[in-house]
Amino acid sequence: MDGSQSSALVEGPGSVDLSFSLSGRVAVVTGGASGIGAAIAVAFAEKGARVAILDLLAEAAADGARALGPDHLGLACEVTDAASVEAAVAAVHERFGRIDVLVNCAGIVALGPAEDLSAQAWARTIAVNLTGTFLVSQAAGRRMLEAGSGRVITLASQAASVALDGHAAYCASKAGVVGLTRVLASEWAGRGVTANTISPTVVLTDLGRAAWDDERGVAHQAQIPVGRFAVPAEVAAAAVFLASDAAAMVNGADLLVDGGYTVR
């Protein structure tokens, strides 16, 4: 560099808010009427956010929002349908005037040996878990980019990093989610919108208990260094962190909440 040129480092914040407050923010949570999504919605509301629950079941979404209080919203949304996604995201933006955080939590799992998995089960899993994540991220992301700030948080899975027998479609969809998120992180962070994933181990929701409360579950649990599965609130805690100001420098990361399963 010659003497006529100068450079300046971009300064970060002078201090970091370690309260993890989400006060004044509007958060959209897909699949927010049950399971992990419901736990995240509750945690966000407790931290001061106004929450819009999007769920395939309109009544469940409305009930979930009502349980959070009068400042929250519940809407039906089919994440695989671009028109449904756009209508729901537009309704949230019209109601609150902004969208600060998106949590992509809607997801399904179809299990079976790869040689037996039906084309329909494969297609539906990819449609909900991967295409749905893209469609909602795109619709909400456009509003965030226009505002110049936002957080996209997507539930991936330990299945994005390691092979799980019988999970061909699920592993593929969650690996795709991680790849998609890295692209969003690369393209959008310079315009104020970060993107990250959370990858839990088995989480003891009602569905998680039903699927894993057997000898296979006990054996899988024993392979986790901490010796147990996760509970929904532990995943919600990770989402609160990623949505907060304290995570402003976290971008394109896959935050593992797996008790060390994938480091074996």
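The values are calculated or read from the model by the stated rules, or taken from the named source; none is laboratory data. These numbers come from a predicted model, not from an experiment. Quick reminder, even Gly has a Cβ in these numbers, built from the backbone with ideal geometry, and neighbours come from all protein chains shown.
If you check residue 191 against the conditions, is it of a type outside the set (Ser, Thr, Tyr), in contact (Cβ under 8 Å) with a residue 12 or more places away in the chain, more than 24 Å from residue 132 (Cβ to Cβ) and surrounded by fewer than 17 Cβ atoms within 10 Å (Cβ to Cβ)?
No.
For residues that are in a helix (DSSP H, G or I) and either among the aromatic types (Phe, Trp, Tyr) or farther than 14 Å from residue 106 by Cβ (or both), tally how many sit in region 65-85.
Total satisfying the criteria: 6.
Among the residues of this structure, residue 164 does not count as one that is in contact (Cβ under 8 Å) with a residue 40 or more places away in the chain and either part of a loop (DSSP other than H, G, I, E, B) or surrounded by fewer than 20 Cβ atoms within 10 Å (Cβ to Cβ) (or both). Residues of region 141-158 that are of a type outside the set (Ser, Thr, Tyr), outside any loop (DSSP other than H, G, I, E, B) and touching a residue at least 24 places away in the same chain (Cβ under 8 Å): 141, 143, 144, 145, 147, 150, 151, 152, 153, 155, 158.
Checking the stated criteria, residue 52 turns out not to satisfy the condition of being assigned to a helix (DSSP H, G or I) and either aromatic (Phe, Trp, Tyr) or in contact (Cβ under 8 Å) with a residue 12 or more places away in the chain (or both).
If you go through region 179-231 and keep only what is within 15 Å of the chain's Cα centre (by Cα) and in a helix (DSSP H, G or I), you end up with 179, 180, 181, 182, 184, 185. The residues in region 98-129 that are in contact (Cβ under 8 Å) with a residue 40 or more places away in the chain and either surrounded by 23 or more Cβ atoms within 10 Å (Cβ to Cβ) or not in a helix (DSSP H, G or I) (or both) can be counted, and the count is 19.
Residues that are at pLDDT 95 or above, under 25 Å from residue 42 (Cβ atoms), among the hydroxyl-bearing types (Ser, Thr, Tyr) and not in a helix (DSSP H, G or I) do occur in region 232-249.
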